[in-house]
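Read the structure below first, then the notes.
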Amino acid sequence: MTFDRRTFLGMGTAAVAALSAPAVLGQGKPRVIVVGGGAGGATAARYLAKDSNGAIDVRLIEPTRTYFTCFFSNLYIGGLKTVSDLGHTYGKLASDYGVNVVHDWVIGVDRDKKAVTLAGGATLAYDKLILSPGIDFVEGSVPGWGLAAQNAMPHAYKGGSQTELLKAQVMAMREGGTFVMVAPPNPYRCPPGPYERVSMVAHQFKAHNPKAKIVIVDPKEKYSKQALFEEGWQKYYGGMIERLGPDFGAEKVTVDPDEMTVDVDGEIIKADVCNVIPAQKAGRVAELAGVTDGDWAPVHPTDMSSRADPDIYVLGDACHQGDMPKSGFSANSQAKVCANAVRGALTGSKVFPAKFTNTCWSLIEENDGVKVGATYEATSDKIAKVDGFISHTGEDTALRKATYEESEGWYAGMTADMFG
Amino acid sequence: MMRAAISLAAAACMTQAAVASELGDVERGERLFAKCRSCHQVGEGAKNRTGPQLNNLFGRRAGTAEGYSFSKAFERAGSKGLEWHAETLDTYLENPKALVPGTRMTFAGFDAPQDRADVIAYLRGFSASPANYPGADPTARQTDHDVDPAILALEGDPEYGEYLSSECKTCHQTSGADKGIPPIVHLPRDTFVAAMHAYKDKARKHPVMNMLAGRLGNEEIAALAAYFATLED
Ligand SMILES: Cc1cc2nc3c(=O)[nH]c(=O)nc-3n(C[C@H](O)[C@H](O)[C@H](O)COP(=O)(O)OP(=O)(O)OC[C@H]3O[C@@H](n4cnc5c(N)ncnc54)[C@H](O)[C@@H]3O)c2cc1C
């Protein structure tokens, strides 16, 4: 379905009126609490504060003072970015937009009282609660691995120190050693992420450890941008990368972090560096709030509100919404739709129809970027794909370089859109 | 500066070979290139002769063709940042000594803008393939896209435009910074509208922009233009 504004406003008057009825008239400033200052949460907080011009009290709860992006973290592993390129702080959200940034953990959500509890002891009331906590790992999804083993076998699938640890292990790997990645089952954040990582690890090995081997143990039949990655790996890293799929028993994988071994359906691989990316689920606070069904939190596609509670919204990786991949771009896109709806509900501002977009760039080798993208709309049961594109195999070097440069532009734009 | 307006019908049936003809006539350019051929080779197996070979010229920094010994003048021009694109080639081919004083090229230049456009279109075929490279020269340059005056005259709602613009801002920075992705703030309203319709109609090619503009209605494009026109520094 396509909307232009006139048809939208014309046909949907009742719906619009209902959405925009101020929910908390006469109670002072409406209060929104945003949990998680990542791609979804930082964007939602910034847009709510910016667009309401102080009419809404926006609190952002985020434990860390510096957010290290997962996006471009593979480029850091490849030596093309530094840690400081990835780090962003919340100063401008507070000073330029008036967001009240609280560095703490949310450890409880009381939906009846409409309040959250912080690890530091405080209780904060909300009119609307937006959760964008990212992911946690499904316990036992890779038998033998647990958070206690994350130093021996890093996941590097949340930003920050884990990424640094994995890179250090890659750089220190013995000559001719074996890097094993245990790839995650669907759905997980950043579908091309593991394969971009393999490309960047191979990029390092090509220069510093040319006899090294990379083995991907992958429970999935196929994966995102597969033809593009395989073409690139052949071209740049011929013979270095091997992938074991389900036909090799890769969905029956266990690891032993003490021995540094990976058991693929009875075949033992000795790993020098082992990157375990376990199965994923919504960040735990979504479960605490009781808005999950299974591993993820189902939401309404029109405004990202939880299917379990109309005053809670769930953004980004944690939500279950339909066709959008779990990516920073998606979380950012969903946050803007949500901010528009929440502001409408609290202040009576106009609510416009939901529109979503995603584009994911990946780097295969220095200056060889590829991308995949799509637009989405809200249908009654899910966020549904409208139209999309993907890079082609066999593209020339100038296009691939331009695609990479575009991703740099996106990174700068995206982080400015999150943090001001 | 030369510019060719593209008609929609032509854009719809563009083939790889014909893309460059947006700017000039490739066949005519090939005939005109006879004047250059005594010094420059282009195409498969082209080698440096009196002048450098001209394959993959677009996007190349001046004075950097491998294995060719350039004049000091060209080395200097290159190190100051001269790069070969449709615009710079057009200037150079009009009067080589004006753009690069001290060049050893003795050719006086093509006076007629159409001749230059045709030669540039011909040469473009020997750089990264345009159909393959939507953001590349010369398709990346601004096109004069014919837009129905009634569409240009639409008054957009800036508030709606602001909401829609959040989709643009994930990539295009409001600071106007230009890094891999061009800035769009402060574009004149008509330019903005024409560009968006060129993307929508796929006369200007870029997969992300074709996809995003493709689902915007006329009123939505007008709303965006109205909003971007209100942005301050
Ligand atoms: C290697 C890798 C590469 C990637 N590359 C790309 C890419 O190129 N492009 C792209 O678009 N995406 C990419 N992604 C995906 C992207 O990082 C995520 O999809 C995105 O960060 C999701 O945003 P989010 O808001 O859901 O979660 P996050 O960005 O993870 O933010 C969640 C935040 O919530 C906080 N939090 C969690 N629980 C609590 C609590 N109880 N109380 C308070 N705060 C809490 C956390 O500290 C965290 O800061 C990549 C991911 C990885 C791992």
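Of all residues in the stretch A:338-360, those that are within 14 Å of the ligand (Cβ to nearest atom) and in contact with a strand residue (DSSP E or B) (Cβ under 8 Å, 6 or more places away or on another chain) total 6.
Restricting attention to the stretch B:23-38, which residues are part of a loop (DSSP other than H, G, I, E, B) and among the aliphatic types (A, V, I, L, M)? Spell out how you get there, then give the answer.
Of the residues in the stretch B:23-38, the ones part of a loop (DSSP other than H, G, I, E, B) are B:23-25, B:33, B:38.
Result: B:Leu23, single match.
Set side by side, the residues A:Leu288, A:Leu315 differ, and just one is over 16 Å from the mean Cα position of the chain (by Cα) and near the ligand (Cβ under 8 Å from one of its atoms), which is A:Leu288. If only residues of the stretch A:106-142 that are touching a residue at least 24 places away in the same chain (Cβ under 8 Å) and acidic (Asp, Glu) are counted, the one that is nearest to the ligand (Cβ to nearest atom) is A:Asp136. In the stretch A:72-105, the qualifying residues are those that are open to solvent by 30 Å² or more (accessible area, probe 1.4 Å) and among the aromatic types (Phe, Trp, Tyr), and the one that is farthest from the ligand (Cβ to nearest atom) is A:Tyr97.
All of A:Ser407, A:Ser362, A:Ser380 fail the test of being outside the structural domain of A:His300 (by TED's automatic domain parsing) and part of a strand (DSSP E or B), apart from A:Ser362. One residue stands out in the stretch A:52-65 among those that are out of contact with any helix residue (DSSP H, G or I) (no Cβ under 6 Å at 6 or more places or on another chain) and open to solvent by 10 Å² or more (accessible area, probe 1.4 Å): the one that is farthest from A:Gly108 (Cα to Cα), namely A:Asn53. The residues of the stretch A:228-245 that are crowded, with 20+ Cβ neighbours inside 10 Å and of a type outside the set (A, V, I, L, M, F, W, C), listed by number, are A:Gly232, A:Tyr237, A:Arg243. Provide a single number: the residues in the stretch A:289-312 that are open to solvent by 50 Å² or more (accessible area, probe 1.4 Å) and either more than 24 Å from A:Pro184 (Cα to Cα) or at pLDDT below 95 (or both). Total satisfying the criteria: 5.
Among the residues of the stretch A:217-227, is any buried (at least 16 other Cβ atoms within 10 Å of the Cβ) and basic (Lys, Arg)? The answer is yes; a qualifying residue exists. Of all positions in the stretch A:393-405, none carries a residue that is within 16 Å of the ligand (Cβ to nearest atom) and within 24 Å of A:Leu60 (Cα to Cα). Being touching a Ser or Thr at 6+ places or on another chain (Cβ under 6 Å), within 15 Å of the ligand (Cβ to nearest atom), away from chain B (no Cβ under 14 Å) and of a type in the set (D, E, K, R) is a property that holds for A:Glu196. For B:Gln173, the conditions (1) assigned to a loop (DSSP other than H, G, I, E, B); (2) at the interface with chain A (Cβ under 8 Å from one of its Cβ atoms); (3) open to solvent by less than 20 Å² (accessible area, probe 1.4 Å) all hold with the exception of (3). Of everything listed in (1) within 16 Å of the ligand (Cβ to nearest atom); (2) open to solvent by 30 Å² or more (accessible area, probe 1.4 Å), the single unmet condition for A:Gln204 is (2). Being part of a loop (DSSP other than H, G, I, E, B) and open to solvent by 40 Å² or more (accessible area, probe 1.4 Å) is the filter; apply it to the stretch A:153-188 and report the residue that is farthest from the ligand (Cβ to nearest atom). This residue is A:Glu175.
Quick check, is A:Val337 within 20 Å of A:Ser199 (Cα to Cα), under 21 Å from the mean Cα position of the chain (by Cα) and more than 7 Å from chain B (Cβ to nearest Cβ)?
Working: within 20 Å of A:Ser199 (Cα to Cα): no; under 21 Å from the mean Cα position of the chain (by Cα): yes; more than 7 Å from chain B (Cβ to nearest Cβ): yes.
Taking the combined requirement at face value, the residue does not satisfy it.
Can you say whether A:Ala148 is in the same structural domain as A:Val253 (by TED's automatic domain parsing), modelled with pLDDT of 95 or more and small (Gly, Ala, Ser), as far as the supplied structure shows? Explain how you work it out, then say what you get.
Working: in the same structural domain as A:Val253 (by TED's automatic domain parsing): yes; modelled with pLDDT of 95 or more: yes; small (Gly, Ala, Ser): yes.
Yes.
Residues that are surrounded by 17 or more Cβ atoms within 10 Å (Cβ to Cβ), out of contact with any Cys (no Cβ under 7 Å at 6 or more places or on another chain), more than 7 Å from chain B (Cβ to nearest Cβ) and among the hydrophobic types (A, V, I, L, M, F, W, C) within the stretch A:364-420 comprise A:Ile364, A:Val370, A:Ala374, A:Ala378, A:Ile383, A:Ala384, A:Met418, A:Phe419, listed in sequence order. Answer yes if at least one residue in the stretch A:234-247 is under 21 Å from A:Ala148 (Cα atoms), in contact with a strand residue (DSSP E or B) (Cβ under 8 Å, 6 or more places away or on another chain), among the basic types (Lys, Arg) and modelled with pLDDT of 95 or more, and no otherwise. No, there is no match, as no residue in the stretch A:234-247 is under 21 Å from A:Ala148 (Cα atoms), in contact with a strand residue (DSSP E or B) (Cβ under 8 Å, 6 or more places away or on another chain), among the basic types (Lys, Arg) and modelled with pLDDT of 95 or more.
When you check A:Met324 against the structure, is it within 16 Å of the ligand (Cβ to nearest atom), modelled with pLDDT of 95 or more and in contact with a strand residue (DSSP E or B) (Cβ under 7 Å, 6 or more places away or on another chain), yes or no?
When the stated conditions are applied, A:Met324 passes them.
Entry remark, the stretch B:218-232: residues being within 10 Å of another protein chain (Cβ to nearest Cβ) and open to solvent by 20 Å² or more (accessible area, probe 1.4 Å) number 2 in total.
The values are calculated or read from the model by the stated rules, or taken from the named source; none is laboratory data. Note that the coordinates shown come from a computational prediction; the quantities given were computed from them, not determined experimentally. So basically every Cβ, Gly included, is an ideal-geometry build from the backbone, and we count neighbours across all protein chains shown. Ligands, DNA and RNA are stripped out before the accessible areas are found, and what is left, the full protein with its side chains, is counted by its heavy atoms. Shrake-Rupley method; radii C 1.70, N 1.55, O 1.52, S 1.80 Å.
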